[in-house]
Amino acid sequence: MADEATARSGGTASTATPIPTVAAGSAPVLPAATARAGRRGTRPGLRKGLEVAFFVTPALVVFLGFVVWPVVKAIQYSLYNWKGYGPMVDFVGLSNFTYVLGSEVFQAALLHNLIIIVASIVLQLPLGLGIALLLNRKIRGRNLLRTIVFVPYVLAEVVVGVIWRQMLQADYGLLDTILSSVGIPTPQQGLLGDTDYALAAVMVVLTWKYLGLAIVLFLAGLAGVPDELYEAAQIDGASWWQIQRRITIPLLGPTVRMWAFLSMIGSIQVFDMVWILTKGGPAGSTNTMATFLYAWGVDRNLIGVASAASVILFVIALIFALTYQRFILRGDLRGSDLAAVGKGRKR
């Protein structure tokens, strides 16, 4: 019978692959090629997971150690009446938050932060946009001028604060001398020592320091405007102002909104420049939320009150950032995502 089956199949019985037999209660034995293919299928996934863990773990550790853990500890400290040393045993609950929110000093500091936010936008936006439009034109020494306007932003806040504090001194300050020479009266105690002028003087220094960032960002946005649009507008007879109003400024909108977001967040958290110039004085006229929590935490050793102020500052900045992103940056982010998808389809 075997010979007859062999003959009917054309003599190919010797080359057929034998069917493996599986004994009762034992696992099936796969061919060696199938096992190797399975191992090759699992290796790329495992390697990709190890690569992701290798690059993500350090950043995750830093984020947890320097962002999440300090926030958790600040919340813990804010619930105690603690001096910064010894065990925390005097639990006061939300009393520190009630004290901070009801403090007139903190309320004035919050108002000063709002004034700085508005003044930063009102001063830096037109100045930065105007200088960026000027430096975007083909003029002699353009690269040198771009470097000069960006230098103040590169300088450390401590250096800038010390220089301007000396310039704004009442007796020998450069600005006081210039104003007096042209007949403009100045306060006897100096601009930084007068409650009516101190905050305005601080705003001048902040504008000088951070205007370079706005200019550089606007220049980067202007570089992304196609030249064909300008050429087409010039052919149609549009003036320079019409070109800027109809083409440049609308296309520069996403850059302006992103800069405004960075400026507002920085204005909420401003500390070092104000502390170096005035330490929040005179009479609290330049206090900010950051200088308030530093004064109460470091100078008075009221860690619980300072921690409560820091938590309030964190919540205000977080709510502002989420709200701004939700209602203002949402369209820009969606547009960038659609552009990325379009580029991926073209590839």
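Details
- Cut-off under 5 Å, modelled amide H: who pairs with TYR80 long-range: VAL92
- Sorted on the mean count of surrounding Cβ atoms within 10 Å across their residues, most packed first, peptides 83-91, 304-312 read 304-312, 83-91.
- Remark: the LEU318-LEU174 segment gains 47.8 nm on full extension, using 0.36 nm per residue and subtracting the alpha carbon distance.
- Per residue convex hull volume, Cα atoms of region 61-124, in Å³: 134 Å³
- Kirkwood Rh, angstrom, region 95-346 [1 / mean 1/r, Cα pairs]: 20.7 Å
- Rounded FRET efficiency, nearest 0.05, which uses the C-beta distance separating GLU51 from ALA283 and R0 of 56 Å: 0.45
- Each peptide among 275-285, 45-55 gets the average number of other Cβ atoms lying within 10 Å of its residues, and from highest to lowest they stand as 275-285, 45-55.
- Over region 52-206: Rg over Rh, Cα atoms, Kirkwood Rh: 1.11
- Region 121-198 and region 280-308: distance between their alpha carbon centers, rounded to Å: 27 Å
Every read-out reported here was derived from the displayed coordinates using simple, explicitly stated rules and does not represent laboratory data. Just so it is clear, the structure is predicted and the values come from calculations on it, not from any experiment. No Cβ is skipped: glycine too gets one built from the backbone with ideal geometry, and neighbour counts run over all protein chains shown.
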